[in-house]
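Participant: Below: one structure in structure tokens.
The values are calculated or read from the model by the stated rules, or taken from the named source; none is laboratory data. Keep in mind it's a predicted model, so treat the numbers as computed, not measured. As a convention, Cβ positions derive from the backbone with ideal geometry for all residues, glycine included, and neighbour counts pool all protein chains shown. SASA here: full protein model, heavy atoms, side chains in, ligands and nucleic acids out. Shrake-Rupley method; radii C 1.70, N 1.55, O 1.52, S 1.80 Å.
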Amino acid sequence: ELFEQSVAYYKELIPLHERTHPNRGVGNGTLANYYMGLADAYAGLKKTIEAVDAAGAAIVAWGARSDQRGNAIDTMKKVLLAAPDLDAFAAHLDKQQQDSAVIRKALGQAYRDKTEFAKAIKQLQIAATVQPNDAEIYELLVKTYDAANAKEDALKTLLQAIQLSRRELKLYESLGQRYADAGQKVEA
């Protein structure tokens, strides 16, 4: 738990690595691991904004392959879950000129894990607006509406998800089951 020392070392190590490994910024697992360590250290110091920035840098450093980005995305979720004041971070994020679906989605998941469903829904809706083609956001929204016992909203969101992924048969099965549970046999 030597977080201050860790931050100092990572702030020295990351630029050194970038200088000595030119043109290897994206798709660089070592650099991403350094940024994840920096994010953990900032989270330990309760510096949420800096921790999220470092976790975001780790996601970018991993490159485009989703299988490699999983750990970096998990770091983002962990950092936000450990944040001492999620509401203050959400307010900070609202003031930014650019938005990030990845951060909004992770923030929504953190609120959901803390059973603050209304706040989770708000963040996930913003994420869906910023990145409307992300099927995972709609899946999280449906689950969050279900957890909040907002069945009608879950149904509407599921319909939106179907418009996005028309060939995903499991979505249609889920939709049929929801209609059947709601007593709408013709729709089911």
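Conditions tested, residue by residue: (1) small (Gly, Ala, Ser); (2) within 15 Å of the chain's Cα centre (by Cα); (3) not in a helix (DSSP H, G or I).
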residue	(1), (2), (3)
ALA91	yes, no, no
ASP94	no, no, no
GLN98	no, no, yes
ILE103	no, yes, no
ALA110	yes, yes, no
ALA118	yes, no, no
ILE126	no, yes, no
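Participant: Please go through region 143-188 and give me each residue that is open to solvent by 60 Å² or more (accessible area, probe 1.4 Å) and not in a helix (DSSP H, G or I), ordered by number.
Facilitator: Matches in region 143-188: ASN149, ARG166, ARG167, GLU168, ALA182, GLN184, LYS185, VAL186, GLU187, ALA188.
Participant: Could you please tell me which pairs satisfy a Cβ distance under 9 Å, a separation of 6+ or placement on different chains, a first residue in region 1-17 that is farther than 12 Å from GLY37 by Cα and free of Cβ contacts under 8 Å to residues at least 40 places away in the same chain, and a second residue that is assigned to a helix (DSSP H, G or I) and of a type in the set (Ser, Thr, Tyr)?
Facilitator: HIS17/THR30; HIS17/TYR34
Participant: Is one or more of the residues making up region 102-121 open to solvent by 10 Å² or more (accessible area, probe 1.4 Å) and touching a residue at least 40 places away in the same chain (Cβ under 8 Å)?
Facilitator: Looking through region 102-121, at least one residue is open to solvent by 10 Å² or more (accessible area, probe 1.4 Å) and touching a residue at least 40 places away in the same chain (Cβ under 8 Å).
Participant: While we're here: Exactly one condition in (1) open to solvent by less than 90 Å² (accessible area, probe 1.4 Å); (2) closer than 29 Å to ASP99 by Cβ; (3) not aromatic (Phe, Trp, Tyr) is false for GLU139; which is it?
Facilitator: The one condition GLU139 does not meet is (1).
Participant: Assigned to a loop (DSSP other than H, G, I, E, B) and open to solvent by less than 60 Å² (accessible area, probe 1.4 Å): does that describe ALA43?
Facilitator: No.
Participant: Which one of these is at pLDDT below 95 and of a type in the set (Val, Ile, Thr): ILE73, ILE103?
Facilitator: That would be ILE73, the only listed residue that is at pLDDT below 95 and of a type in the set (Val, Ile, Thr).
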